[in-house]
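Structure record follows, encoded as C-alpha coordinates.
The values are calculated or read from the model by the stated rules, or taken from the named source; none is laboratory data. As the structure is a prediction and not an experimental result, all values here were calculated from the model. In this analysis, Cβ positions are derived from the backbone assuming ideal geometry, glycine residues included, and neighbour counts consider all displayed protein chains. Each accessible area value is taken on the protein alone, full model and side chains, heavy atoms only, with ligands, DNA and RNA left out. Shrake-Rupley method; radii C 1.70, N 1.55, O 1.52, S 1.80 Å.
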Amino acid sequence: KESSAVSGVAPVVEEAEEEEEGHSIAVLPFADMSPEKDQDYFCEGIAEELINGLGRIQDLRVASRSAAFQYKGSAVDIQEVGSSLNVKTILEGSVRKAGNQLRITAQLINIDDGYRLWSDRFDRTMEDIFAIQDEIAESIVKALEVKLSPKERRAIQNVATRDVEAYDYYLRGRKFFYEFDRKNWEFARQMYERAIELDEHYALAFAGIADSCSFLFMYAGNAGADRDRAEEASRKALELDPELAESHASRGLVLSLSEEYERAGEHFDRAIELNSKLFEAYYFYARACASEGKLDKAAELYEKAIEVRPEDYQAQLLLPQILRGLGREEDAVAASMRGIEAARRHLELNPNDARALSLGAGSLVEIGEKEEGLEWAVRAVTIAPHETALMYNVACLYSM
(Lines give C-alpha, C1' and ligand atoms only; values in the text may rest on other atoms or scores of the structure.)
Protein backbone atom coordinates (compact mmCIF):
# COMPACT_ATOMS: atom_id res chain seq x y z
CA LYS A 1 0.00 0.00 0.00
CA GLU A 2 1.16 3.50 -0.65
CA SER A 3 -0.29 6.95 -0.51
CA SER A 4 0.73 10.41 -1.49
CA ALA A 5 -0.67 11.42 1.87
CA VAL A 6 2.35 9.87 3.50
CA SER A 7 4.81 10.36 0.72
CA GLY A 8 7.83 12.46 1.28
CA VAL A 9 11.44 12.51 0.39
CA ALA A 10 14.62 12.03 2.19
CA PRO A 11 18.06 10.97 1.36
CA VAL A 12 20.14 11.15 4.49
CA VAL A 13 23.15 12.17 2.46
CA GLU A 14 23.99 15.78 1.82
CA GLU A 15 23.35 16.87 -1.77
CA ALA A 16 26.75 18.51 -2.15
CA GLU A 17 28.96 15.59 -1.28
CA GLU A 18 32.68 15.74 -1.74
CA GLU A 19 33.80 13.87 -4.81
CA GLU A 20 34.76 10.35 -3.89
CA GLU A 21 38.22 9.08 -4.53
CA GLY A 22 38.75 6.29 -7.03
CA HIS A 23 37.33 5.52 -10.45
CA SER A 24 33.89 6.68 -11.54
CA ILE A 25 31.94 6.72 -14.79
CA ALA A 26 28.61 7.69 -16.32
CA VAL A 27 27.41 5.81 -19.41
CA LEU A 28 25.20 8.10 -21.48
CA PRO A 29 22.51 6.62 -23.77
CA PHE A 30 23.97 6.03 -27.22
CA ALA A 31 22.73 8.26 -30.04
CA ASP A 32 20.55 6.67 -32.73
CA MET A 33 22.21 7.29 -36.10
CA SER A 34 20.12 4.71 -37.94
CA PRO A 35 18.39 5.77 -41.17
CA GLU A 36 14.89 5.12 -39.79
CA LYS A 37 15.62 6.57 -36.34
CA ASP A 38 13.79 3.59 -34.84
CA GLN A 39 16.50 2.12 -32.63
CA ASP A 40 15.90 4.17 -29.51
CA TYR A 41 15.24 1.09 -27.35
CA PHE A 42 18.38 -0.59 -28.72
CA CYS A 43 20.59 2.43 -28.01
CA GLU A 44 19.29 2.65 -24.46
CA GLY A 45 19.67 -1.10 -24.05
CA ILE A 46 23.36 -1.10 -24.94
CA ALA A 47 24.05 1.66 -22.43
CA GLU A 48 22.00 -0.07 -19.75
CA GLU A 49 23.82 -3.36 -20.25
CA LEU A 50 27.15 -1.58 -19.85
CA ILE A 51 25.89 0.19 -16.71
CA ASN A 52 24.77 -3.13 -15.23
CA GLY A 53 28.00 -4.91 -16.09
CA LEU A 54 30.34 -2.16 -14.91
CA GLY A 55 28.19 -1.65 -11.82
CA ARG A 56 29.29 -5.03 -10.50
CA ILE A 57 32.88 -3.83 -10.16
CA GLN A 58 33.51 -2.78 -6.56
CA ASP A 59 36.33 -0.35 -7.39
CA LEU A 60 34.29 1.50 -10.02
CA ARG A 61 31.49 3.90 -9.10
CA VAL A 62 28.89 3.93 -11.89
CA ALA A 63 26.11 6.52 -12.25
CA SER A 64 22.71 4.87 -12.36
CA ARG A 65 20.60 4.49 -15.47
CA SER A 66 18.09 7.15 -14.50
CA ALA A 67 20.84 9.63 -13.60
CA ALA A 68 22.73 9.19 -16.86
CA PHE A 69 19.66 8.92 -19.09
CA GLN A 70 18.30 12.31 -18.06
CA TYR A 71 20.73 13.77 -20.64
CA LYS A 72 19.30 11.73 -23.48
CA GLY A 73 18.67 13.65 -26.68
CA SER A 74 20.15 16.92 -25.51
CA ALA A 75 23.36 18.66 -26.41
CA VAL A 76 25.45 18.31 -23.29
CA ASP A 77 28.62 19.82 -21.97
CA ILE A 78 30.66 16.83 -20.84
CA GLN A 79 32.28 18.68 -17.95
CA GLU A 80 28.91 19.92 -16.70
CA VAL A 81 27.53 16.37 -16.86
CA GLY A 82 30.56 15.04 -15.00
CA SER A 83 30.18 17.68 -12.31
CA SER A 84 26.44 17.09 -11.97
CA LEU A 85 26.82 13.32 -11.69
CA ASN A 86 30.01 13.53 -9.62
CA VAL A 87 32.00 11.26 -11.97
CA LYS A 88 35.46 11.55 -13.47
CA THR A 89 34.78 9.91 -16.84
CA ILE A 90 31.95 9.77 -19.37
CA LEU A 91 31.24 7.07 -21.95
CA GLU A 92 29.24 8.21 -24.95
CA GLY A 93 28.61 6.62 -28.31
CA SER A 94 26.31 6.09 -31.26
CA VAL A 95 24.56 3.25 -33.06
CA ARG A 96 23.82 2.93 -36.75
CA LYS A 97 21.74 -0.15 -37.55
CA ALA A 98 20.62 -1.04 -41.06
CA GLY A 99 19.13 -4.50 -41.39
CA ASN A 100 21.61 -6.90 -39.82
CA GLN A 101 24.54 -4.48 -40.09
CA LEU A 102 25.78 -2.53 -37.09
CA ARG A 103 28.14 0.37 -36.68
CA ILE A 104 28.79 1.27 -33.05
CA THR A 105 31.16 4.01 -31.97
CA ALA A 106 32.18 4.66 -28.38
CA GLN A 107 34.55 6.99 -26.60
CA LEU A 108 35.64 7.37 -23.00
CA ILE A 109 36.28 10.98 -22.00
CA ASN A 110 38.23 12.33 -19.06
CA ILE A 111 36.18 15.07 -17.37
CA ASP A 112 39.16 17.04 -16.04
CA ASP A 113 40.65 17.93 -19.42
CA GLY A 114 38.05 16.76 -21.96
CA TYR A 115 40.51 14.39 -23.66
CA ARG A 116 39.62 10.93 -24.86
CA LEU A 117 41.05 8.08 -22.83
CA TRP A 118 39.86 5.54 -25.39
CA SER A 119 37.71 5.36 -28.52
CA ASP A 120 36.83 2.76 -31.13
CA ARG A 121 34.45 1.93 -33.96
CA PHE A 122 32.86 -1.48 -34.47
CA ASP A 123 31.55 -2.45 -37.91
CA ARG A 124 29.89 -5.79 -37.30
CA THR A 125 26.61 -7.67 -37.61
CA MET A 126 23.88 -8.05 -34.99
CA GLU A 127 25.26 -11.46 -34.05
CA ASP A 128 28.37 -9.67 -32.72
CA ILE A 129 26.52 -7.34 -30.32
CA PHE A 130 27.48 -9.32 -27.21
CA ALA A 131 31.15 -9.39 -28.22
CA ILE A 132 31.06 -5.63 -28.87
CA GLN A 133 29.64 -4.96 -25.39
CA ASP A 134 32.33 -7.15 -23.85
CA GLU A 135 35.06 -5.33 -25.77
CA ILE A 136 33.77 -1.91 -24.71
CA ALA A 137 33.61 -2.96 -21.05
CA GLU A 138 37.09 -4.50 -21.19
CA SER A 139 38.47 -1.36 -22.85
CA ILE A 140 37.01 0.84 -20.12
CA VAL A 141 38.53 -1.34 -17.42
CA LYS A 142 41.89 -1.22 -19.16
CA ALA A 143 41.80 2.54 -19.77
CA LEU A 144 40.91 3.27 -16.14
CA GLU A 145 43.42 0.69 -14.86
CA VAL A 146 40.78 -0.93 -12.68
CA LYS A 147 41.77 -4.20 -11.07
CA LEU A 148 39.19 -6.95 -11.40
CA SER A 149 38.70 -10.01 -9.28
CA PRO A 150 38.03 -13.23 -11.20
CA LYS A 151 34.38 -13.01 -10.10
CA GLU A 152 34.06 -9.44 -11.40
CA ARG A 153 35.66 -10.34 -14.71
CA ARG A 154 33.15 -13.17 -15.16
CA ALA A 155 30.33 -10.82 -14.21
CA ILE A 156 31.08 -8.20 -16.87
CA GLN A 157 31.47 -10.91 -19.49
CA ASN A 158 28.31 -12.75 -18.48
CA VAL A 159 25.78 -12.84 -21.32
CA ALA A 160 22.21 -13.66 -20.33
CA THR A 161 21.32 -15.01 -23.79
CA ARG A 162 23.11 -15.78 -27.03
CA ASP A 163 19.97 -15.38 -29.10
CA VAL A 164 20.17 -11.94 -30.71
CA GLU A 165 16.45 -11.75 -31.49
CA ALA A 166 15.53 -12.73 -27.92
CA TYR A 167 17.90 -10.04 -26.67
CA ASP A 168 16.23 -7.51 -28.96
CA TYR A 169 12.81 -8.32 -27.50
CA TYR A 170 14.24 -8.10 -23.98
CA LEU A 171 15.55 -4.59 -24.67
CA ARG A 172 12.15 -3.57 -26.02
CA GLY A 173 10.58 -4.92 -22.84
CA ARG A 174 12.93 -2.92 -20.61
CA LYS A 175 12.07 0.23 -22.53
CA PHE A 176 8.36 -0.28 -21.85
CA PHE A 177 8.86 -1.38 -18.24
CA TYR A 178 10.43 1.93 -17.20
CA GLU A 179 7.25 3.78 -18.25
CA PHE A 180 5.19 3.64 -15.08
CA ASP A 181 1.68 2.66 -16.19
CA ARG A 182 -0.47 -0.38 -16.85
CA LYS A 183 -0.34 -0.24 -20.65
CA ASN A 184 3.45 -0.23 -20.73
CA TRP A 185 3.78 -3.04 -18.18
CA GLU A 186 1.49 -5.12 -20.37
CA PHE A 187 3.62 -4.31 -23.42
CA ALA A 188 6.76 -5.14 -21.43
CA ARG A 189 5.36 -8.52 -20.44
CA GLN A 190 4.53 -9.28 -24.07
CA MET A 191 8.10 -8.46 -25.15
CA TYR A 192 9.58 -10.64 -22.41
CA GLU A 193 7.23 -13.49 -23.37
CA ARG A 194 8.47 -13.27 -26.95
CA ALA A 195 12.04 -13.34 -25.72
CA ILE A 196 11.52 -16.61 -23.85
CA GLU A 197 9.73 -18.14 -26.83
CA LEU A 198 13.07 -17.76 -28.61
CA ASP A 199 15.27 -18.66 -25.63
CA GLU A 200 13.53 -20.74 -22.99
CA HIS A 201 16.61 -20.44 -20.72
CA TYR A 202 16.60 -16.63 -20.58
CA ALA A 203 16.49 -16.04 -16.80
CA LEU A 204 16.53 -12.24 -17.03
CA ALA A 205 13.47 -12.28 -19.29
CA PHE A 206 11.61 -14.49 -16.80
CA ALA A 207 12.56 -12.04 -14.03
CA GLY A 208 11.22 -9.26 -16.27
CA ILE A 209 7.91 -11.09 -16.66
CA ALA A 210 7.71 -11.52 -12.88
CA ASP A 211 8.34 -7.81 -12.25
CA SER A 212 5.85 -6.70 -14.90
CA CYS A 213 3.15 -8.97 -13.49
CA SER A 214 3.95 -7.95 -9.92
CA PHE A 215 3.55 -4.29 -10.85
CA LEU A 216 0.29 -5.03 -12.67
CA PHE A 217 -0.95 -6.78 -9.55
CA MET A 218 0.14 -3.96 -7.21
CA TYR A 219 -0.91 -0.99 -9.28
CA ALA A 220 -3.50 -2.07 -11.83
CA GLY A 221 -6.32 -3.89 -10.12
CA ASN A 222 -4.91 -6.76 -8.02
CA ALA A 223 -5.74 -9.45 -10.59
CA GLY A 224 -4.97 -12.89 -9.20
CA ALA A 225 -3.83 -14.05 -12.63
CA ASP A 226 -1.05 -11.45 -12.62
CA ARG A 227 0.24 -12.62 -9.25
CA ASP A 228 0.07 -16.26 -10.36
CA ARG A 229 2.12 -15.48 -13.47
CA ALA A 230 4.61 -13.50 -11.39
CA GLU A 231 4.93 -16.48 -9.04
CA GLU A 232 5.54 -18.89 -11.91
CA ALA A 233 8.02 -16.64 -13.74
CA SER A 234 10.03 -15.79 -10.61
CA ARG A 235 10.39 -19.48 -9.77
CA LYS A 236 11.61 -20.18 -13.30
CA ALA A 237 14.11 -17.32 -13.22
CA LEU A 238 15.66 -18.73 -10.04
CA GLU A 239 15.68 -22.25 -11.40
CA LEU A 240 17.54 -21.09 -14.52
CA ASP A 241 20.04 -18.82 -12.74
CA PRO A 242 20.19 -19.01 -8.94
CA GLU A 243 23.23 -16.68 -8.96
CA LEU A 244 21.37 -13.82 -10.68
CA ALA A 245 20.60 -10.98 -8.27
CA GLU A 246 17.61 -9.86 -10.33
CA SER A 247 16.06 -13.33 -10.00
CA HIS A 248 16.19 -13.13 -6.20
CA ALA A 249 14.88 -9.54 -6.12
CA SER A 250 11.95 -10.54 -8.34
CA ARG A 251 11.24 -13.60 -6.21
CA GLY A 252 11.37 -11.53 -3.04
CA LEU A 253 8.86 -9.05 -4.47
CA VAL A 254 6.44 -11.83 -5.44
CA LEU A 255 6.63 -13.44 -1.99
CA SER A 256 6.04 -10.10 -0.30
CA LEU A 257 2.81 -9.71 -2.26
CA SER A 258 1.57 -12.87 -0.53
CA GLU A 259 2.84 -11.55 2.83
CA GLU A 260 5.48 -14.28 3.04
CA TYR A 261 7.86 -11.73 4.47
CA GLU A 262 10.44 -14.04 6.03
CA ARG A 263 11.04 -15.95 2.81
CA ALA A 264 10.97 -12.71 0.83
CA GLY A 265 13.66 -11.25 3.10
CA GLU A 266 15.91 -14.23 2.46
CA HIS A 267 15.76 -13.60 -1.28
CA PHE A 268 16.28 -9.85 -0.90
CA ASP A 269 19.33 -10.49 1.30
CA ARG A 270 20.69 -12.89 -1.31
CA ALA A 271 20.11 -10.36 -4.11
CA ILE A 272 22.07 -7.73 -2.17
CA GLU A 273 24.84 -10.23 -1.49
CA LEU A 274 25.10 -11.00 -5.21
CA ASN A 275 24.90 -7.36 -6.34
CA SER A 276 25.24 -4.71 -3.64
CA LYS A 277 24.41 -1.98 -6.19
CA LEU A 278 21.04 -3.35 -7.28
CA PHE A 279 18.53 -0.59 -6.45
CA GLU A 280 15.45 -2.81 -6.79
CA ALA A 281 16.69 -5.18 -4.09
CA TYR A 282 16.76 -2.40 -1.49
CA TYR A 283 13.61 -0.65 -2.76
CA PHE A 284 11.42 -3.78 -2.93
CA TYR A 285 12.80 -4.94 0.43
CA ALA A 286 12.01 -1.58 2.05
CA ARG A 287 8.41 -1.70 0.83
CA ALA A 288 8.02 -5.25 2.16
CA CYS A 289 9.38 -4.24 5.59
CA ALA A 290 7.04 -1.24 5.67
CA SER A 291 4.05 -3.50 4.97
CA GLU A 292 5.23 -5.89 7.67
CA GLY A 293 5.53 -3.04 10.18
CA LYS A 294 9.32 -3.22 10.51
CA LEU A 295 9.76 0.53 10.23
CA ASP A 296 13.37 0.74 11.45
CA LYS A 297 14.45 -1.78 8.82
CA ALA A 298 12.34 -0.09 6.15
CA ALA A 299 13.96 3.30 6.85
CA GLU A 300 17.42 1.75 6.69
CA LEU A 301 16.65 0.09 3.35
CA TYR A 302 15.06 3.19 1.80
CA GLU A 303 18.15 5.17 2.77
CA LYS A 304 20.35 2.51 1.17
CA ALA A 305 18.22 2.60 -1.98
CA ILE A 306 18.67 6.37 -2.11
CA GLU A 307 22.42 5.98 -1.65
CA VAL A 308 22.55 3.55 -4.58
CA ARG A 309 20.32 5.70 -6.81
CA PRO A 310 20.21 9.22 -5.32
CA GLU A 311 18.18 10.75 -8.15
CA ASP A 312 15.26 8.29 -7.86
CA TYR A 313 12.20 10.13 -6.60
CA GLN A 314 10.19 7.09 -5.46
CA ALA A 315 12.32 5.95 -2.52
CA GLN A 316 12.73 9.55 -1.47
CA LEU A 317 8.99 10.22 -1.61
CA LEU A 318 8.11 7.11 0.40
CA LEU A 319 10.74 7.41 3.16
CA PRO A 320 9.14 10.30 5.12
CA GLN A 321 6.03 8.27 6.02
CA ILE A 322 8.33 5.70 7.61
CA LEU A 323 10.17 8.39 9.55
CA ARG A 324 6.87 9.79 10.80
CA GLY A 325 5.83 6.33 11.89
CA LEU A 326 9.03 6.20 13.94
CA GLY A 327 8.20 9.54 15.53
CA ARG A 328 11.03 11.31 13.70
CA GLU A 329 8.94 14.25 12.53
CA GLU A 330 11.85 16.66 12.08
CA ASP A 331 13.74 14.14 9.97
CA ALA A 332 10.58 13.45 7.97
CA VAL A 333 10.11 17.11 7.10
CA ALA A 334 13.74 17.49 6.05
CA ALA A 335 13.43 14.31 4.01
CA SER A 336 10.27 15.57 2.34
CA MET A 337 12.00 18.78 1.34
CA ARG A 338 14.81 16.85 -0.31
CA GLY A 339 12.38 14.48 -1.97
CA ILE A 340 10.31 17.28 -3.44
CA GLU A 341 13.45 18.76 -4.96
CA ALA A 342 14.29 15.36 -6.47
CA ALA A 343 10.78 15.23 -7.93
CA ARG A 344 11.13 18.75 -9.33
CA ARG A 345 14.38 17.82 -11.08
CA HIS A 346 12.78 14.69 -12.47
CA LEU A 347 9.72 16.59 -13.71
CA GLU A 348 11.85 19.17 -15.49
CA LEU A 349 12.91 16.39 -17.84
CA ASN A 350 9.75 14.26 -17.56
CA PRO A 351 6.86 16.73 -17.16
CA ASN A 352 4.19 14.09 -17.85
CA ASP A 353 5.28 11.61 -15.18
CA ALA A 354 1.97 11.27 -13.34
CA ARG A 355 3.44 9.10 -10.59
CA ALA A 356 6.06 11.68 -9.70
CA LEU A 357 3.33 14.33 -9.64
CA SER A 358 0.97 12.32 -7.44
CA LEU A 359 3.62 11.26 -4.92
CA GLY A 360 5.16 14.72 -4.90
CA ALA A 361 1.74 16.29 -4.39
CA GLY A 362 1.32 14.38 -1.13
CA SER A 363 4.68 15.54 0.13
CA LEU A 364 3.91 19.15 -0.72
CA VAL A 365 0.66 18.99 1.25
CA GLU A 366 2.48 17.32 4.17
CA ILE A 367 4.86 20.27 4.52
CA GLY A 368 2.10 22.86 4.17
CA GLU A 369 2.41 23.71 0.47
CA LYS A 370 -1.27 22.94 -0.12
CA GLU A 371 -1.85 25.04 -3.23
CA GLU A 372 1.08 23.64 -5.18
CA GLY A 373 0.31 20.13 -3.97
CA LEU A 374 -3.25 20.32 -5.30
CA GLU A 375 -1.94 21.74 -8.57
CA TRP A 376 0.36 18.73 -8.98
CA ALA A 377 -2.51 16.38 -8.13
CA VAL A 378 -4.76 17.90 -10.80
CA ARG A 379 -1.96 17.57 -13.37
CA ALA A 380 -1.48 13.90 -12.41
CA VAL A 381 -5.17 13.09 -12.77
CA THR A 382 -5.35 14.92 -16.10
CA ILE A 383 -2.41 12.95 -17.48
CA ALA A 384 -3.48 9.51 -16.21
CA PRO A 385 -7.19 9.50 -15.34
CA HIS A 386 -7.51 5.70 -15.32
CA GLU A 387 -4.49 4.58 -13.27
CA THR A 388 -5.77 2.84 -10.13
CA ALA A 389 -2.79 3.48 -7.84
CA LEU A 390 -2.60 7.12 -8.85
CA MET A 391 -6.30 7.60 -8.09
CA TYR A 392 -5.72 6.09 -4.65
CA ASN A 393 -2.79 8.41 -3.92
CA VAL A 394 -4.72 11.49 -5.01
CA ALA A 395 -7.79 10.39 -3.03
CA CYS A 396 -5.61 10.20 0.08
CA LEU A 397 -4.30 13.69 -0.64
CA TYR A 398 -7.82 15.15 -0.82
CA SER A 399 -8.83 13.35 2.38
CA MET A 400 -5.90 15.11 4.08
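Using a cutoff of 8 angstrom between alpha carbon atoms and counting only pairs six or more residues apart, the relative contact order for the chain works out to 20 percent. Note that segment 79-202 presents 53 Å² accessible area per residue, ligands and nucleic acids not counted, probe 1.4 Å. With respect to the chain, whose longest principal axis is taken over its alpha-carbon atoms, helix 224-240 is tilted by about 40°.
Roughly to the nearest percent, how much of the accessible area of the chain is carbon and sulfur, given a 1.4 Å probe?
Carbon and sulfur: 46 percent of the exposed surface of the chain.
For segment 175-185, putting each phi into the Karplus relation 6.51 cos²θ - 1.76 cosθ + 1.60 with θ = phi - 60° gives couplings of 4, 5, 4, 6, 8, 7, 7, 4, 4, 6, 5 Hz, in residue order, rounded to whole numbers and with x for Gly and Pro.
Evaluate E = 1/(1 + (r/R0)^6) for R121 and E372, where r is the Cβ-Cβ distance and R0 equals 60 Å; express this FRET efficiency to the nearest 0.05.
My answer for the efficiency is 0.75.
Taking 7 Å steps out from each Cα toward its Cβ at S149 and A75 produces label points 4.6 nm apart.
Judged by the mean number of other Cβ atoms found within 10 Å, the most tightly packed of the peptides 61-74, 205-218, 357-370 leads the ranking 205-218, 357-370, 61-74. Over 32 Å apart at the Cα level, from the set K175/K370; K277/K370; K151/K175, are K175/K370; K277/K370. Counting only alpha carbon atoms, the long axis of helix 313-325 and the longest principal axis of the chain meet at about 30°.
Once you list every other residue whose beta carbon is under 13 Å from the beta carbon of N352, what net charge do they have if Lys and Arg are +1 and Asp and Glu are -1? Net of charged neighbours comes to -3. Solvent exposure of segment 249-400, expressed per residue, is 43 Å² of accessible area, with all protein chains present and a 1.4 angstrom probe. Taking Cα atoms only, the orientation of helix 40-54 departs from the longest principal axis of the chain by about 90 degrees.
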